[in-house]
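The values are calculated or read from the model by the stated rules, or taken from the named source; none is laboratory data. What you see is a predicted model; the values in this text were computed from it and never measured. Glycine gets a Cβ as well: all are built from the backbone with ideal geometry, and neighbour counts include every protein chain shown. These area figures cover heavy atoms from the full protein model, side chains too; ligands, DNA and RNA do not enter into them. Shrake-Rupley method; radii C 1.70, N 1.55, O 1.52, S 1.80 Å.
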Amino acid sequence: MPRRLANLALLTAIATLLVSGIVAWLLAEGPAGPLYVAHRIAGVTLVLGLVWKYAIARRSLHRRGLRGSGVWIGLATAGLTITAAGLGLAWTAGLVSFDRPFAYSSLNLHVIAGLALGAFVVTHVLARGESRPALVTLAGRRAALRGLALLAASFVVTVALDRVALARRGSGSRHAGSFRGNAFPVTIWSLDSVPSIDIESCRLRVNGPANERPIALSYADLATLPRREASVVLDCTGGWWSEQVWSGVSLMDVLARSGMSEAVTRVEVISVTGHRWTFDRSEAEQALLATHVGGEPLSAGHGYPLRLVAPSLRGFLWIKWVGEVVAA
């Protein structure tokens, strides 16, 4: 395969991996499904394309040696590519998981390596980008056949890997035990520390455009609202999923209690640690502010005393230690 064609194939695969990986995090489970498939196929394409890239890089190193910053940027990019792709394949094949061989999830390490790879690829392209041969010369029948063959091989390998990837959701997450109350993994977004919250003095602040000052609801105030219960899957970006029975109060009931549910189009939920996310009305209507899981009060690590449950959305959007709700 010509050098520039191989480089373009790798660049396309990496761009697809970054876009599909990041965007899928932000979407509900249904719309994200095709992106999960695209991510796996692009990952296999990257690994297969590295076969051609290895021969090209070996010739380049033999000719140039280790002189020049561009060479070292290229080597760093290669190292990150191997790390990210290797962890991805190992995860798919079940060789690593969220709790082995490291205490820190191997899928998180895969994501970190992938994001770093994106930055290094941009730097590498700027330092070693090429304009020859012209792209139009690569658009021939032979190049098209090579590209289709690479894509077909990627699809076949992906299907084969999916057959051995047991107990895995489309997102790649593995089962971590369901219907066991608080006995499921504790993952904390943004490396927040678990806050110490006094249930007697804590207040949920509810604010909106029509309010001059936030309304403060105590835990006892929330207990007067209709109790709601739902069995919902928590799919964590750390690489695990668990279905639990959550109970608490509806987010829309809280807004109605504060007199601001009718015209709401967006709702921002904010943790006492500062982690926040904005949800549209359709997402807010399904959301629960949970106080219990599996009949047990939430543990501190799982968001005591109040945690957002957002059905079909990924776990990093399930805000823990909810301290404020802002309607718009």
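Can you say whether residue 97 is in contact with a Leu (Cβ under 6 Å, 6 or more places away or on another chain), surrounded by 15 or more Cβ atoms within 10 Å (Cβ to Cβ) and small (Gly, Ala, Ser), as far as the supplied structure shows? Give the derivation first.
Values: in contact with a Leu (Cβ under 6 Å, 6 or more places away or on another chain): no; surrounded by 15 or more Cβ atoms within 10 Å (Cβ to Cβ): yes; small (Gly, Ala, Ser): yes.
Here the answer is no, as residue 97 does not meet what is asked.
Could you count how many residues in the range 1-21 are of a type in the set (Gly, Ala, Ser) and either in contact with an Asp or Glu (Cβ under 7 Å, 6 or more places away or on another chain) or open to solvent by 40 Å² or more (accessible area, probe 1.4 Å) (or both)? Quick ask: steps written out before the conclusion?
Here is the first cut: in the range 1-21, the residues of a type in the set (Gly, Ala, Ser) are 6, 9, 13, 15, 20-21.
Keeping just the survivors that are either in contact with an Asp or Glu (Cβ under 7 Å, 6 or more places away or on another chain) or open to solvent by 40 Å² or more (accessible area, probe 1.4 Å) (or both) gives 15.
Counting residues in the range 1-21 that are of a type in the set (Gly, Ala, Ser) and either in contact with an Asp or Glu (Cβ under 7 Å, 6 or more places away or on another chain) or open to solvent by 40 Å² or more (accessible area, probe 1.4 Å) (or both) gives 1.
One line per residue, one yes/no per condition, for (1) part of a strand (DSSP E or B); (2) closer than 30 Å to residue 112 by Cβ; (3) touching a Leu at 6+ places or on another chain (Cβ under 8 Å); (4) in contact (Cβ under 8 Å) with a residue 12 or more places away in the chain:
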| position | (1), (2), (3), (4) |
| --- | --- |
| 235 | yes, yes, no, yes |
| 245 | yes, no, no, yes |
| 262 | no, no, no, no |
| 268 | yes, yes, no, yes |
| 273 | no, yes, no, yes |
| 308 | yes, yes, yes, yes |
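Residues to consider are 245, 232, 272, 249; find the one that is under 25 Å from residue 26 (Cα atoms) and open to solvent by less than 10 Å² (accessible area, probe 1.4 Å).
Values: 245 fails: open to solvent by less than 10 Å² (accessible area, probe 1.4 Å); 232 fails: open to solvent by less than 10 Å² (accessible area, probe 1.4 Å); 272 fails: open to solvent by less than 10 Å² (accessible area, probe 1.4 Å).
One residue alone meets the criteria, 249.
Do we find a residue being modelled with pLDDT of 80 or more and within 26 Å of the chain's Cα centre (by Cα) anywhere in the range 142-152?
Looking through the range 142-152, at least one residue is modelled with pLDDT of 80 or more and within 26 Å of the chain's Cα centre (by Cα).
Which of (1) touching a Leu at 6+ places or on another chain (Cβ under 8 Å); (2) over 20 Å from residue 124 (Cα atoms); (3) free of Cβ contacts under 8 Å to residues at least 12 places away in the same chain does residue 87 not meet, given it meets every other one?
(3)
Being open to solvent by less than 70 Å² (accessible area, probe 1.4 Å) and either outside any strand (DSSP E or B) or touching a Phe, Trp or Tyr at 6+ places or on another chain (Cβ under 9 Å) (or both) is the filter here; which residues of the range 282-294 pass it? If you could, list the steps in order and put the result at the bottom.
At the first step, the residues of the range 282-294 found to be open to solvent by less than 70 Å² (accessible area, probe 1.4 Å) are 282-284, 287-294.
282, 283, 284, 287, 288, 290, 291, 292, 293, 294 - these are the residues of the range 282-294 that are open to solvent by less than 70 Å² (accessible area, probe 1.4 Å) and either outside any strand (DSSP E or B) or touching a Phe, Trp or Tyr at 6+ places or on another chain (Cβ under 9 Å) (or both).
Which one of these does residue 24 not meet: (1) open to solvent by 40 Å² or more (accessible area, probe 1.4 Å); (2) touching a Phe, Trp or Tyr at 6+ places or on another chain (Cβ under 9 Å); (3) under 30 Å from residue 313 (Cα atoms)?
(1)
Can you name every residue in the range 54-91 that is among the aromatic types (Phe, Trp, Tyr) and either open to solvent by less than 40 Å² (accessible area, probe 1.4 Å) or not in a helix (DSSP H, G or I) (or both)?
The answer is 91, and nothing else.
For the range 212-229, which positions are outside any helix (DSSP H, G or I) and either crowded, with 16+ Cβ neighbours inside 10 Å or of a type in the set (D, E, K, R) (or both)? Talk me through it step by step, then tell me what you get.
Narrowing the range 212-229 to residues outside any helix (DSSP H, G or I): 212-218, 224-229.
Within the range 212-229, 212, 213, 214, 215, 217, 225, 227, 228, 229 meet the criteria.
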